[in-house]
Each structure stands twice: as structure tokens, then as C-alpha cells.
Amino acid sequence: MPEERVANFSAGPSALPISVLEEANKGLLNFNNTGIGIAEISHRSKEFLAFLANLETLIRDQLHVPDTHSILFTQGGGYGQFSAVVLNMLARHTLLHPEAEERTLDYVVTGSWSKKAAEEARRLAAGQRGAKVNVVVDGRPYSKDAKSFDNIPADPTSYAWSTDPALIYYCDNETVDGVQFSGDAQSPTAFPVQQLIAAAQARGAPPLLPLVADHSSSFMSRPIPHLADHAIIYAGAQKNIGPAGLTILIVRQDCLPDVDAAAALGAQPVPFSLAYKTLADSKSVFNTPPVLPIYIAGLVLERAKTLGGVEYFKEMNGRKSAAVYGAIGEGEEKGVFRRKVQQGSESGMNVVFEVLGEGREAEFLKGAEERGMKGLKGHRSVGGIRASLYNAVTEEEVQKLVDYMKEFIGQGSE
Ligand code: PLP
């Protein structure tokens, strides 16, 4: 291992804790004293199945996932779930309401990823009787320039919910745009779960919300408000908990529809490997799961448990993002930086800002590289700077970034 590791602020795949990488090195040669490396061992061996069961327990305990919800592991990433949630939830809706003329998919669009998810839903809905996408709210009209994703619309009247949707979709943290729902359930920029529950109760509808959330870039970084009221929460592992290739699902058990029974009633057939019931019935080993990413995620979450779980990371990540936003604020006063996201909607994971002045952004990035900091370039679709502060990014590394930002402000305002 090189003596000096780079501070990696990449948006994903992203940094992993050094202690975990060292442990994983050993597991590559000899997994849990089996004499076989983790990338070589059968996924049906008792040692691997025990490891997988323990990974489930680590997630269940740290996020307080109730028994009403199954935890499933699969492949295919966020994009795979953009499709799978639509197909499974339309199948569920068909079983619940076989005669329904309309099957609406409600999408809350607060950034590039929820926009892409809504586009995929529109593609899939086009092939299904009565299915259509309803964009409940789009953040762009509420932005400073009326065209960017820079906010969580906090005015409840701006959300146009439909009456009995097959799913209600949102993305907790928009990785590209640096916009995040608040983790404080009482905040005006929290996802309005209470409002949805109250509306359902007022209609006399069943209390089980078809609420689907993409937590790809915030999973395990803080507690999930109203977790038990969600139908599906999903996340790719490659931001906070492991290498790319593993997708984690938390699914309420009424959302494991028998997709063949639904198809017999007219729903679109669902590929067997995308059906949540297949995964649940097989305890996530219907086919070969991503063994190595599962192993590393297990090591990461074992470490997280000893540190204090999501409560620990909420505090630590809060300090990290506050330090970077503080430096952006100082730079803004001196005309060197400009914040992109409106107050109250800033992501705690992906902090985005602009460097003002011709050629200054390139200078900032070059200086960061020279000082051993990488991955700070903003997403190609929006530009600017993006510092991703996932769980494995240390407070020392963040301090190094903040010191550099202050040095850069000093140069810029001389
Ligand atoms: N959703 C969010 C919030 C993401 O950040 C990403 C990728 O960065 C995706 C979905 C797409 O995930 P994947 O690349 O695993 O398909």
C-alpha cells in the first residue's frame, strides 16, 4: 500500500476506509479461515451465507429496519432499480386493483437522478395499460435561475399528488446537483411523509404508502426519517459502503408481488431476476450475488457498528459538510466562490460550488491535485466543483480541503 494515499473526494465509486481495505486484502487470500479467497468461494458455502446473513443484521440493526421489511441484495445499480421499482409496483397495483383504469406513478423531481428515474418510468409506462407518470413537483421553476436543480420545494401546495398512485418516488440525495431532503423530519425541506399519511387517512385509504426512495448516495450516512413508512428504499453500495456491483433494497413485505399472477391479470411480465419476490424467496441467492462487494460492505458496516452506526456518521458528516459550507461562505464574501444550492436544501454528502473568474476553476483543481486531493471536479452535466464527503472521507481530509479553500480565497482577494 502506498505510504501517502490521496484524499479522494470522488462522487462514486469513492473512498473506503484504509483499515477495511487492509482487512479485505487478507480476505482475498483467505476468507474467514476457509483457506479460499472471497472472490473464489461458492456463494452457497455456509461461510458466505453466514456472512451475508450478518450483513443483513448489520443494516437492520443500524438503520432500525422493522420486521415488516425485508432486506435484499442484488446487482444492477441505481439504473436497474429505476426499472425494477416501476415493474414491481405496477404488478402490485394490478393485484390490488385489477379493474383500475388508471395507474399513476408519482415522481418528485428534485435533481438529475430523479429526473432520469421519471424518464425510465415514462418509457416503461408507455407499454402498460392505463399507466402514466405524474411529476408531482419539479424543483427547477423554484430555482434561482428558473432552470437548475438547486432546491427542495418547501411549499406543500407546490406538490400535486395523485389520489391512488402505484408508487410515489423521490431521491433522498441528488448526487449531481448537491440537493438533499433534510434528515430532520420536522424541517420544511424534509420529504413530506407526514403530509402523505394525513392525506391517505383523510381519504380512508390503506395506511401502506407506496413510497419509493433512492438513497444511493446517502445510504448509511445518517438515519432515514420515517423508514417504516417506506415501501422500498434502495441504494447502490459504491458511495458509502463498498465497491460498485452491489445494490441493497429494503422492501416492505406487501411490495413483493407475485408478478406472474399480476401478468395473468394483464400487467406487463416482469423479468424474473428483477422481481423482488424472487430475491426474497431465495434470500438473495437466486443467482450468483456480487460476492466481493458484499464482503467489503460487510467489513465497512462492521467497522461502522463499532464506531456507533448512523448516529455517529450523522454527527461526523454534519461537521464535515459544515466546515466546507463555511469555507464556501467565506469565499462568497470575497467574490471567489459562489454557492449553488439554496439554503436548507444543501446536501450533506455532495457539496457543490462554483469558482468565480476566468480560468480560476482549473487553477483550483490543479492546486488541489498538487496537494494530494482528487475527485473534486463537478459532474460533467453541471460543471463547477463537487466535494463528496461520504462516510470514509476523514475529518482530517476535509480539514485539508478547507485549509486549501481558505488559501485559495487569500490568493484570489489579494
Ligand atoms: N441514483 C443516484 C442518487 C446516484 O447517485 C446514481 C449514480 O451515481 C444512480 C442513481 C445511478 O446508479 P448506478 O450507476 O449504480 O446505476
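Numbers for the structure displayed
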item: Criterion: buried (at least 18 other Cβ atoms within 10 Å of the Cβ) and in contact (Cβ under 8 Å) with a residue 24 or more places away in the chain - qualifying residue of Gly357, Gly318, Gly348, Gly367; result: Gly348
item: Those residues of segment 257-275 which are out of contact with any Ser or Thr (no Cβ under 7 Å at 6 or more places or on another chain) and more than 16 Å from the ligand (Cβ to nearest atom), in sequence order; result: Pro257, Asp258, Val259, Asp260, Ala261, Ala263, Ala264, Gln268, Pro269, Val270, Pro271, Ala275
item: Which listed residue, of Gly111, Gly80, is surrounded by fewer than 21 Cβ atoms within 10 Å (Cβ to Cβ) and within 16 Å of the ligand (Cβ to nearest atom); result: Gly80
item: Residue match in segment 207-221 (condition: surrounded by fewer than 24 Cβ atoms within 10 Å (Cβ to Cβ), more than 21 Å from Thr157 (Cα to Cα), in the same structural domain as Val133 (by TED's automatic domain parsing) and away from the ligand (no atom under 16 Å from the Cβ)); result: yes
item: Filter result for the condition that a residue is on the phi < 0 side of the Ramachandran plot and surrounded by fewer than 22 Cβ atoms within 10 Å (Cβ to Cβ), over Gly329, Gly384; result: Gly329
item: Gln195, sole failed condition from (1) of a type outside the set (D, E, K, R); (2) within 15 Å of the ligand (Cβ to nearest atom); (3) farther than 19 Å from Thr68 by Cβ; result: (2)
item: Options Tyr142, Tyr169; residue that is more than 21 Å from the chain's Cα centre (by Cα) and either buried (at least 16 other Cβ atoms within 10 Å of the Cβ) or not hydroxyl-bearing (Ser, Thr, Tyr) (or both); result: Tyr142
item: Hey, Ala231 more than 16 Å from the ligand (Cβ to nearest atom) and over 21 Å from Arg303 (Cα atoms) or not; result: yes
item: Filter result for Thr104 (β-branched (Val, Ile, Thr), away from the ligand (no atom under 12 Å from the Cβ) and buried (at least 17 other Cβ atoms within 10 Å of the Cβ)); result: yes
item: Candidate set from segment 155-191 (those that are closer than 30 Å to Glu99 by Cα and not hydroxyl-bearing (Ser, Thr, Tyr)); member that is farthest from the ligand (Cβ to nearest atom); result: Asp164
item: Criterion: closer than 24 Å to Asn240 by Cβ and at pLDDT 95 or above - qualifying residue of Thr104, Thr34, Thr110, Thr94; result: Thr110
item: Cβ pairs under 6 Å, 6+ apart, first in segment 72-85 and in the same structural domain as Trp113 (by TED's automatic domain parsing), second modelled with pLDDT of 95 or more and within 8 Å of the ligand (Cβ to nearest atom); result: Thr74/Thr247; Gly76/Thr247; Gly77/Gly236; Gly77/Thr247; Gly78/Ser216; Gly78/Gly236; Phe82/Ala117
item: Qualifying positions in segment 172-187 - within 13 Å of the chain's Cα centre (by Cα), assigned to a loop (DSSP other than H, G, I, E, B) and of a type in the set (A, V, I, L, M, F, W, C); result: Val176, Phe181
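The values are calculated or read from the model by the stated rules, or taken from the named source; none is laboratory data. In this text, all values refer to a predicted model and were calculated from it rather than measured experimentally. Heads up, the Cβs are rebuilt from the backbone with ideal geometry, glycines too, and the neighbour counts pull from every protein chain shown.
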